[in-house]
1. Can you sort 246, 102 from fewest to most other Cβ atoms within 10 Å of each residue's own Cβ?
2. Please label the shape of the range 168-257 as rounded, prolate or oblate, based on the square roots a ≥ b ≥ c of the eigenvalues of the alpha-carbon gyration tensor (a/c under 1.5 means rounded; beyond that, a/b larger than b/c means prolate, else oblate).
3. What is the spread of the Cα atoms of the chain along each of their three principal axes, largest first, in whole Å?
4. Could you tell me how far the Cα centroid of the range 206-245 sits from the Cα centroid of the range 135-151, in Å?
5. Between the range 1-80 and the range 315-367, what is the C-alpha centre distance in whole Å?
6. Identify which of 334, 381, 254 has the largest mean-square fluctuation in a Gaussian network model of the chain, with springs joining Cα atoms closer than 10 Å.
7. Taking 7 Å along the Cα-to-C-beta vector as the label spot, tell me the residue 188-residue 60 distance in nanometres, rounded to one decimal.
8. Nearest 10 degrees is fine. How inclined is helix 232-241 to the longest principal axis of the chain, computing both from alpha carbons?
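Nothing in this text is a laboratory measurement; each read-out follows from the coordinates by a stated rule. Small disclaimer: the values here were computed from a predicted structure and weren't measured. Ideal geometry is used to build each Cβ from the backbone, glycine not excepted, and the neighbour counts take in all protein chains shown.
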């Protein structure tokens, strides 16, 4: 039982992803408690009512007095496995070769370390993309490693990232043929929950992307669109026409293009770190919200180019630079992130029947997340009713000088 939260943000609301005014509705309970049994939430509400339930009498008690409790963060767009860490100068072929040559156990340890750090910062579900290109050996290696981490305290959602090589490397098969073989193979083995397509603008390459998106849908993949380049309008139209689950990045999208997405069932996944680090344009978050498009937030964690894994900072940046309110940003980082990875019915909010994923924040008000930039406010992370991280004292303090 998580007892007596000063503010309990349940995110209770409509059955689908939140959009428009509903994005700011937090389902806030003052002096609230959550009761979790066998990994599932069995009650949530005012402490006075929940603590009198029979199931609360023998529960392990977590005192959240004076603190804020929210659903676990859902980081719905990361490049956890590729590229490998190293110098920011990026050579794709060299990075793929490094994946092929890296010992599998070493790769597992590296990714487990990232996931542990994410848990310490409050993430309880993380999406992870491949991205080696049409190199079957490297892609399958990453997917198998991601599958091996299914027992990690943090839930992992694997995504098969389809990206055309920038040029013919002089070896191997044509990308179209290679991916047409890989897509059904990965699907049959249950190694990826989504297929994500790096958007292209050159007509011949765009035709290939369209062909592969159609093949992915024929093989039963929910699709995502990776729209991180100028001329994002085409990617947004394709996402709507092909009923993509999400369209991600959108740093180059205009407010007019955002309004054109009105009525789409897909989620726009925005990555505040990208424009903050590059100094370039940011996604039109305010226009998307006002157009009624569901918006999610994610870190875009990339160990070589953007090694930021703190969803709290993504929330702060969305408020500081994208003009989202704190309530909107927290909903985008929890319940809408859950829908962006296809798990909105089981995670992302603190509701009866959902998985018991929660974060206890060392803050007196949820709005602290908007301005405590770069800090880690997590006092405790709870995954399926188990405490997987607890804030501790700093060890080895020097004695006070006389």
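1. 102, 246
2. Judged from the Cα gyration tensor, the range 168-257 comes out oblate (a/c at least 1.5, b/c at or above a/b).
3. 67, 50, 47
4. Rounded to whole Å, the Cα centres lie 23 Å apart.
5. Cα centres, the range 1-80 to the range 315-367: 11 Å.
6. 254
7. 4.3
8. Compared with the principal axis, the helix lies near 80 degrees.
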